[in-house]
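Data block below; observations after.
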Amino acid sequence: MHLSNSPNSHDPDAQARFWFARQQGQTLSEAEQQQLAEWLAANPLHQDAWRRVEEDWLAIDRYRHALNDELKKARRNRPGQHKAAFRLKRRAAAAALLLAVCIPVLYQGMTGTTTYWNTLKGEQQQITLAGGSTLNLDTATRITVTQNWFTHHVQLHEGEIYLETASSDWHTLRVSAEHYEIRDIGTRFSVRYIPDQFMVEVAEGTVEVKKQGQLVLLQAGEVLSIITGSNEWRLAALPAGDIAHWRKGLLVFNAHRLHDVLHEIARYHTVQFDLADPAIGEIQVSGRFKLDELDTNLQIIADTLKINIEHPAPGRYRLGALRQSTR
């Protein structure tokens, strides 16, 4: 569930910050308390987000108390002269004013700022995070990015992203997608989260993937795929070459089913594919295709697999029976 009236309803951190601040400023009604309790119980990620906000607030509170203690010490040790006492009071007032200014800044720095990004079908985008790390969004991708002084948190709602950590970036990088948590211990990896599929590929370094108590550590050259909604984790070696070929305008297939190839092509173009015979979708396809050359790609598939492809209407293609071989 999502808390009503809270911003960024897809981002647990944003919701937790909103309701924690509201709780500090006023007494929540019984209905609001019930709503908050239900939200916390709905997802372990909500509890993690709430705990992070509490820890940030305690850190600020410790800072405030430490400064107050220093002010009390200064008052106890103040000189007896009137002028010295006046200067001390003025310094205390200045310190209090500085504290009033610093606390919001510290809170903002610790809790961070949240930004929502999305790409349309066929569109890609690159984002530079604080610290110099880069984040690439593939077609039809939606993310929420929360950045504070210590961490980058990327929530992947749908689509695929590629991340490259700058050597000078000391922030902790986390990626979450529904119940999955990915922690970067390396430098280059990609995450895909689309209907019926979750996948992490690692080009360099190490990545930790966690889901409800299960943990997998991925090394460079490995890929982890999970069928969404199941507990089946598949760990395999990456095919030769780099990851996230879409960054270079390519789709690369290595013995993929034609059904999966067409589904991937349709992620980048507003098209619909119909199969005259479901058996055609099981034919394996290998090759490299350019993202922006739809008709050329389909012609290559038709010639290679010896199948007929018709174009009965704009944006619609029909893959017919296998062609009869000629002698």
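Quick notes on this structure:
- Residue match in segment 210-232 (condition: small (Gly, Ala, Ser), surrounded by fewer than 21 Cβ atoms within 10 Å (Cβ to Cβ), touching a residue at least 40 places away in the same chain (Cβ under 8 Å) and closer than 24 Å to ASN254 by Cα): no
Conditions (1) among the hydrophobic types (A, V, I, L, M, F, W, C); (2) under 12 Å from the mean Cα position of the chain (by Cα); (3) closer than 17 Å to TYR116 by Cα, marked per residue:
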| residue | (1), (2), (3) |
| --- | --- |
| THR139 | no, no, yes |
| ILE143 | yes, yes, yes |
| THR146 | no, yes, yes |
| PHE150 | yes, no, no |
| ASP169 | no, no, no |
| VAL202 | yes, no, no |
| GLU208 | no, no, no |
| GLY213 | no, no, no |
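- Under the condition of being small (Gly, Ala, Ser), closer than 26 Å to THR151 by Cα, at pLDDT below 75 and outside any loop (DSSP other than H, G, I, E, B), the residues counted in segment 1-39 number 1.
- Residue tally, condition free of Cβ contacts under 8 Å to residues at least 60 places away in the same chain and surrounded by 20 or more Cβ atoms within 10 Å (Cβ to Cβ), over segment 117-144: 5
- Filtering segment 20-56 to residues that are without any contact (Cβ under 8 Å) to a residue 24 or more places away in the chain, open to solvent by less than 50 Å² (accessible area, probe 1.4 Å) and under 22 Å from the mean Cα position of the chain (by Cα) leaves only LEU40.
Yes/no per residue for (1) more than 32 Å from the chain's Cα centre (by Cα); (2) at pLDDT below 90; (3) open to solvent by less than 70 Å² (accessible area, probe 1.4 Å); (4) hydrophobic (A, V, I, L, M, F, W, C):
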{"residue": "LEU251", "(1), (2), (3), (4)": "no, no, yes, yes"}
{"residue": "ALA255", "(1), (2), (3), (4)": "no, yes, yes, yes"}
{"residue": "HIS263", "(1), (2), (3), (4)": "no, no, no, no"}
{"residue": "THR270", "(1), (2), (3), (4)": "no, no, no, no"}
{"residue": "ASP274", "(1), (2), (3), (4)": "yes, no, yes, no"}
{"residue": "GLN284", "(1), (2), (3), (4)": "no, no, no, no"}
{"residue": "PRO314", "(1), (2), (3), (4)": "yes, no, no, no"}
{"residue": "GLN324", "(1), (2), (3), (4)": "yes, yes, no, no"}
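- Which listed residue, of LEU250, LEU291, LEU275, is in contact (Cβ under 8 Å) with a residue 40 or more places away in the chain and either among the small types (Gly, Ala, Ser) or farther than 24 Å from THR141 by Cβ (or both): LEU275
- Residue list for segment 280-305, filter: in contact with a strand residue (DSSP E or B) (Cβ under 9 Å, 6 or more places away or on another chain) and assigned to a loop (DSSP other than H, G, I, E, B): ILE283, LEU291
- Among the residues of segment 256-279, those identified as among the aliphatic types (A, V, I, L, M), more than 16 Å from ASN297 (Cβ to Cβ) and touching a strand residue (DSSP E or B) at 6+ places or on another chain (Cβ under 8 Å) are LEU275, ALA276.
The values are calculated or read from the model by the stated rules, or taken from the named source; none is laboratory data. Note that the structure is a prediction, hence the values are computed from the model and not measured. Here the Cβ is made from the backbone with ideal geometry for all residues, glycine too, and neighbour counts use every protein chain on show. When the accessible area is computed, the model is the full protein with side chains, heavy atoms only, and any ligands, DNA or RNA have been set aside. Shrake-Rupley method; radii C 1.70, N 1.55, O 1.52, S 1.80 Å.
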